[in-house]
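Student: Before I ask anything, let me first share the structure, which is written out below as structure tokens.
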Amino acid sequence: MMEAVLAVDVGTSNMRGILYDLDGNMIFKTSVGSIPIYESDCCVKQKAEVYLDHLTEVVRTCAEAAAKRGIPVIGITTTALRSCVLAVDREGEPLSEIVMWQDKRAAGVCEELKDCERQVYEHTGVRLYPVFSGVKAAWMKRQMPDIYKKAALIATVADYLHYKMTGVWASDYTYGSRTGLMNIRDLEWDDQMLRLFGLDREKLCPLIPQGSVLGRLTPAFAAACGLAEGTPVVTAGGDQQCGALGAGVMESGSVQATTGTGAYLIACSGEPVLDPDMRFLCNVSAVQGQYIVEASMLSSAILYEWFFREFYDEKEEGIQKVNREAWQSPVGSKGIIVLPYFQGRGSPDWNSRATGSFLNVTLQNTRGDFARALLEGIALETAENLSVIEEYTGPASKVCLSGGLTKSELFNQIQADACGRTLLLGQDPEATAKGAFLSAAMAFGIVKGPKEAEKLLAAGKDSYSPVRENTQIYREMIQKRKRLYRALEDA
């Protein structure tokens, strides 16, 4: 009898549920979306109930699809957005809204502790930056003292949803490695960091290995969703780690470049890797016993969506028109340079106060030049970060692409030209959910490890090879961007 694993991918603005058979083939897919609440450039939040309602809907829809096909669901595996926090009481009910990963209200805490940043980085692998959940929790304690005092836990979205499914509070190492509170070497909450941030250990979830069975469905959640009580739930790890796993990035020498709401570069490592200049992060991989070196960019596909929404008539002009006009613009966008820091800058500079810029604009420029310049700005940021990572991991033997912007053939070619190497695009657009499935496949013993898990990936990849002349143009643009950025910062 065919059996299925349900992978739930909890994203920033979209939640997907995918049923996979035990060979990794997709049987059924559903999704539901909601946009976070952007109260200001600094304040981004969401109601916890939105994620819980979506989880219930997604699991129920997949359970119904499996039942119609006569396929038993042997387990659920989850992957979720990282670095979001909310306060919950002893019953797991929210005391606060979710402080989303894009939220920058904790910038003051980072400034207050800036003299300790190297200590934080050397202990935890992450910098003092408003994205990370440790500084968010410290900000919550300062700005919402009553809520912090009442809270039984300061939890991530994954922690909260897992509790609602299983009645178990636990956080896996991948989420812990995004806090600035977990020691990257011994994988325990770090007492020095807890003292530094002024946080209480008892308000943090116990840490467990990623890719393990966290718990089993409670009678209440099972009844609400139509699955069997006691169905095991695997915590596969953070979405970016799972995205890399689902793209086949499982060993040293391979790199994943993801361009979703934000953009991420992830390289594998068998041990923690830190940079004396703190230009990249070191987190725990979705594969047990492995680490990742990660560079982050806070704004990516969301910039292209913003440009379309603000400068095109959505009713009359589809996104295809933006793409056509961008294609018509030459390499270099007739001189326009974009600094794509519309929500602050991540790697390698980590400047939360940076803003986005269109520079070198003249009357010769068209709307299509602006569109292409946005794509080039994102790709050049990727290329710059890749060169930084390779200083420590060595030349990448394989660079895989994923994320929403990879639907654009133009963007994929721009990235290949900017990076000066052949890039591979997998055939599976749901790499993050697939990574969660592979994690469950290892946890359930369907495969014995990453090497066997790799056999369950979709065969074949599209490739994009660089054009030498374009690569030279982009290398010059990278240097020009650096000078312009420094000039703006000095001003």
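Student: I'd like the full set of residues that are open to solvent by 20 Å² or more (accessible area, probe 1.4 Å), over 25 Å from Leu425 (Cα atoms), among the charged types (D, E, K, R) and modelled with pLDDT of 90 or more, limited to region 350-404.
Tutor: Result: Arg367, single match.
Student: Shifting gears a bit: Could you grab me the full set of residues in region 291-311 that are touching a residue at least 24 places away in the same chain (Cβ under 8 Å) and not hydrophobic (A, V, I, L, M, F, W, C)?
Tutor: Tyr291, Glu294, Ser296, Ser299, Ser300, Tyr304
Student: Quick one: what pairs do we get from region 255-281, first residue closer than 15 Å to Ser177 by Cβ, second of a type in the set (Val, Ile, Thr) and assigned to a loop (DSSP other than H, G, I, E, B), C-beta under 7 Å, 6+ apart or different chains?
Tutor: These pairs meet every condition: Ile266/Val249; Cys268/Val249; Pro272/Ile184; Leu281/Val126.
Student: To continue, here is another question. Identify, by number, the condition in (1) open to solvent by 10 Å² or more (accessible area, probe 1.4 Å); (2) out of contact with any helix residue (DSSP H, G or I) (no Cβ under 9 Å at 6 or more places or on another chain); (3) over 20 Å from Gln102 (Cα atoms); (4) aliphatic (A, V, I, L, M) that Ile71 doesn't meet.
Tutor: Condition (2) is where Ile71 drops out.
Student: When Val58 is evaluated against the numbered criteria (1) within 27 Å of Ala441 (Cβ to Cβ); (2) surrounded by fewer than 19 Cβ atoms within 10 Å (Cβ to Cβ); (3) without any contact (Cβ under 8 Å) to a residue 60 or more places away in the chain, which criterion, by number, is the only one it fails?
Tutor: Answer for Val58: the failing condition is (2).
Student: Let me confirm something: among Gly243, Gly238, which residue is out of contact with any Gly (no Cβ under 8 Å at 6 or more places or on another chain), of a type in the set (Gly, Ala, Ser), open to solvent by less than 10 Å² (accessible area, probe 1.4 Å) and touching a residue at least 24 places away in the same chain (Cβ under 8 Å)?
Tutor: Going through Gly243, Gly238 in turn, the sole match is Gly238.
Student: While we're on this one: Taking Ile18, is it in a loop (DSSP other than H, G, I, E, B), modelled with pLDDT of 95 or more, among the aliphatic types (A, V, I, L, M) and open to solvent by less than 60 Å² (accessible area, probe 1.4 Å)?
Tutor: Considered against the rule, which asks whether it is in a loop (DSSP other than H, G, I, E, B), modelled with pLDDT of 95 or more, among the aliphatic types (A, V, I, L, M) and open to solvent by less than 60 Å² (accessible area, probe 1.4 Å), Ile18 comes out as no.
Student: If you take the residues in region 264-286 that are over 15 Å from Tyr121 (Cα atoms) and either basic (Lys, Arg) or at pLDDT below 95 (or both), which one is nearest to the chain's Cα centre (by Cα)?
Tutor: Tyr264
The values are calculated or read from the model by the stated rules, or taken from the named source; none is laboratory data. In this text, all values refer to a predicted model and were calculated from it rather than measured experimentally. Note: ideal-geometry Cβ built from the backbone for every residue, glycine included; neighbour counts use all protein chains shown. With ligands, DNA and RNA removed, areas are computed over all heavy atoms of the protein, side chains included. Shrake-Rupley method; radii C 1.70, N 1.55, O 1.52, S 1.80 Å.
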